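Taken together, the values in this text are just the output of simple stated rules run on the coordinates, not laboratory data. All values reported here derive from a predicted model rather than from experimental measurement. In this analysis, Cβ positions are derived from the backbone assuming ideal geometry, glycine residues included, and neighbour counts consider all displayed protein chains.
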Amino acid sequence: MPRNRVVLGLQWGDEGKGKVIDLLAAEADVVVRCQGGANAGHTVVVGSKKTVRHLLPSGILNQHARCVIAHGVVLDPIALCSELDELLAGGCDAAKRLVVSDRAHLVLPCHPHMDKAQEIARGASKVGTTLRGIGPCYTDKTARNGLRAGELADLVAFERKLRDVLTKSNVIIRALGSEPLDVDAAVAGYMPAARRIAPLINDSITILHQAMAEQRSFLFEGAQGAQLDIDVGTYPFVTSSNTGIGGILTGSGLSHKQLGDVIGVVKAYTSRVGSGPFLAELTDARGEALRQRGREFGATTGRPRRCGWLDLAAVGYACRLNGVDAIALTKLDILDGEPELPVCVSYRLDGKVIHGPPARIDDLARAEPMYEVLPGWKKPVTGARKEADLPSEARSYIAFIEKRLGVPVKWVGTGAGRDEIVLR
Ligand code: GDP
Ligand code: IMO
Ligand code: MG
């Protein structure tokens, strides 16, 4: 039987999904992105070469895999072309193995522009978005004003529709207090990329169902993380898509019975980029040390990521909501040298212990993290390849996570490289 797997981030993104996906893609025939867009930054390190994928599935590095950008993704043709060019420069013609869904909504020039205008208008309460136009594109999708990739079948009509959407969006951009877009320049800048991706567009739902019928093995690549989910994340400091199993289901058009095992990626500590409450955050020198050792700077925007201890209350919540079968624990090596490791296991709110994030952001902000403190390890785990090479304290840290979550840890990351991993 073919093996299908879903890879989801269980924290605030940047858990190391790219590395896990690259590893599992070796066994996959089809790799599918189902939600989000070029806000994602998924890093793969092979030898001395580091690549970051934004829209293309990270599984594209498996030369045998067919890659699909399914309809739940919001697709920026300019961003896609620059990724294709980057791979082409390295000798990989990824377009040959790529299908873009005809139902995927297009990120139009007004969307990044509006993203910026909205962030400026929010002032101190800005979300800290990636400014890739993700929120405005999903907004136009649900407001039924968007343009889908399938429209590129008729480029003349598409250009007319694009002009119309851009002209209308200028009304909102002006109302937000920002400069309107130069519609002619925006259309002229957009059309070459639109023309180039037009031949890649196809009915991805039929293609995916056919591949399922042919017993191909699938890998579904989640983007962002469970705590950034539009419904169950730390709203309003979230992204605009469902980042969990629901997004994979609605974003691919496959049945829930076909998705397979759910693998949750968890960083051994926590990072977050952008605004919003972060209960286990370290705002002192220890947080800075984690940031430097873990090279916690955004793969998409280069922004410094906020760092803190592992928050198992948030991760446990994500495991319950997404039916996680196994955990890939990443960046354990970054905890080398820490004398002790506090792990947040629950929160206290108004004198009561709670085991997951409350719905109201103000409640979350005033909740208190409750920690259990585990011992650190003296012998480094960096580069370890076997369970036996992990010091006993590192094994206890992993066992603690498994026990608390009730989910087995099957992979442990001990370095950024493809082979710096312990399989359990
Ligand atoms: P993603 O968005 O979840 O794919 O994660 P990012 O690529 O944004 O950030 C994860 C960072 O951690 C990247 O720089 C990876 O190369 C790196 N990384 C992944 N796993 C490990 C690991 O086990 N150890 C170390 N040291 N780095 C890792
Ligand atoms: P990957 O797939 C980390 C965050 C932004 C911001 C919020 C909303 O690499 O894990 P958006 O541009 O989506 O409207 O921004 O979500 N964010 C991410 N943080 N990793 C990501 O993707 C992210 N994608 C969005 O920083 O706080
Ligand atoms: Mg990332």
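Look at His105, His209 and count the other Cβ atoms within 10 Å of each Cβ; fewest to most, that gives His209, His105. Viscosity 1.567 mPa s, temperature 4 °C: give me the Stokes-Einstein translational D for the chain in µm²/s, with Rh taken as the Kirkwood radius over C-alpha pairs. Roughly 59 µm²/s, to the nearest whole number. 3J(HN,Hα) along region 397-408, derived from phi through the Karplus expression 6.51 cos²θ - 1.76 cosθ + 1.60 where θ = phi - 60°, amounts to 4, 5, 4, 4, 4, 4, 5, 5, 8, x, 9, x Hz, with x in place of Gly and Pro.
Under 5 Å between amide hydrogens, built in the peptide plane, is the criterion, and for Leu106 it picks out Leu75, Leu147, Arg148, Ala149 among residues at least 5 positions away or on other chains. Built from the Cα atoms of region 304-405, the convex hull projects on average onto 7.9 nm², one quarter of its surface area. Around Val266, under 12 Å between beta carbons, what's the net of Lys plus Arg minus Asp minus Glu among the other residues? Once all neighbours under 12 Å are counted, the net charge is +1.
When +1 charges are put on Lys and Arg Cβ atoms and -1 charges on Asp and Glu Cβ atoms, the dipole computed for region 79-153 relative to its Cα centre reaches about 340 debye. Packing-based ranking of 199-205, 123-129, 6-12 yields 6-12, 199-205, 123-129, ordered from highest to lowest mean Cβ neighbour count within 10 Å. Neighbour counts of other Cβ atoms within 10 Å put Cys344, Cys307, Cys34 in the fewest-to-most order Cys344, Cys307, Cys34. When the chain is treated as a Gaussian network with alpha carbon springs shorter than 10 Å, the biggest mean-square fluctuation among Thr300, Thr243, Thr206 belongs to Thr206. Hey, if you put +1 on the Cβ of every Lys and Arg and -1 on every Asp and Glu Cβ in the chain, which of Thr414, Asn242, Ala79 ends up farthest toward the positive end of that dipole? Result: Thr414, furthest along the dipole toward the positive end.
Between helix 110-122 and the chain there is an angle of about 50 degrees, using the helix long axis and the longest principal axis of the Cα atoms. Annotation for region 260-363: trypsin sites (Lys or Arg not before Pro) lying in DSSP loop with at most 14 further Cβ atoms inside 10 Å of their Cβ are Arg295, Arg360.
For Ser217, the residues whose amide H sits under 5 Å from its own are Asp29, Val30, ignoring neighbours fewer than 5 places away on the same chain, with H placed 1.01 Å from N. Which angle from 0 to 90°, rounded to the nearest 10, does the C-alpha axis of helix 312-322 make with the longest principal axis of the chain? The two axes meet at around 50 degrees. In the chain, excluding the sites themselves, the longest stretch lacking any of the GluC sites (Glu not before Pro) that are in a DSSP loop with at most 16 other Cβ atoms within 10 Å is 215-424. With θ taken as phi - 60° and the Karplus curve 6.51 cos²θ - 1.76 cosθ + 1.60 applied, the whole-hertz 3J(HN,Hα) list for region 231-244 is 9, 10, x, 7, 4, x, 8, 9, 8, 9, 10, 7, 8, x Hz, x standing for glycine and proline.
Placing unit charges on the Cβ atoms only, positive for Lys and Arg and negative for Asp and Glu, gives the chain a dipole magnitude near 180 debye about its Cα centre.
Amide hydrogen proximity for Gly128: with H placed 1.01 Å from N in the peptide plane, the residues at 5 or more positions away or on another chain lying under 5 Å are Ser275.
Positive contributions from Lys and Arg (+1) and negative ones from Asp and Glu (-1), summed over other residues with Cβ under 12 Å from the Cβ of Arg286, come out at -3. By the count of neighbouring beta-carbon atoms within 10 Å, fewest first, Asp29, Asp85 end up ordered Asp85, Asp29.
The angle between the Cα long axis of helix 77-89 and the main principal axis of the chain comes to about 70°, on a 0 to 90 degree scale. Computed per residue of the chain from DSSP H runs no shorter than four, each worth -39500 (n - 2.57), the mean residue ellipticity at 222 nm is -10000 deg cm²/dmol.
Working note: Karplus 6.51/-1.76/1.60 with θ = phi - 60° gives region 338-350 the couplings 6, x, 9, 10, x, 10, 6, 10, 6, 10, 10, 9, 6 Hz, where Gly and Pro are set to x.
What does the charge count around Pro369 come to, taking other residues whose C-beta lies under 12 Å from its C-beta (Lys +1, Arg +1, Asp -1, Glu -1)? Counting the neighbours of Pro369, the net charge comes to -2. Checking the table Lys17/Lys49; Lys96/Lys161; Lys50/Lys267; Lys116/Lys161; Lys267/Lys379; Lys141/Lys331 against a 25 Å threshold on Cα-Cα, which pairs fail? Listed pairs above 25 Å: Lys96/Lys161; Lys141/Lys331. The mean sequence separation of alpha-carbon pairs under 8 Å and at least six residues apart, normalised by the residue count of region 178-330, gives a relative contact order of 21 percent.
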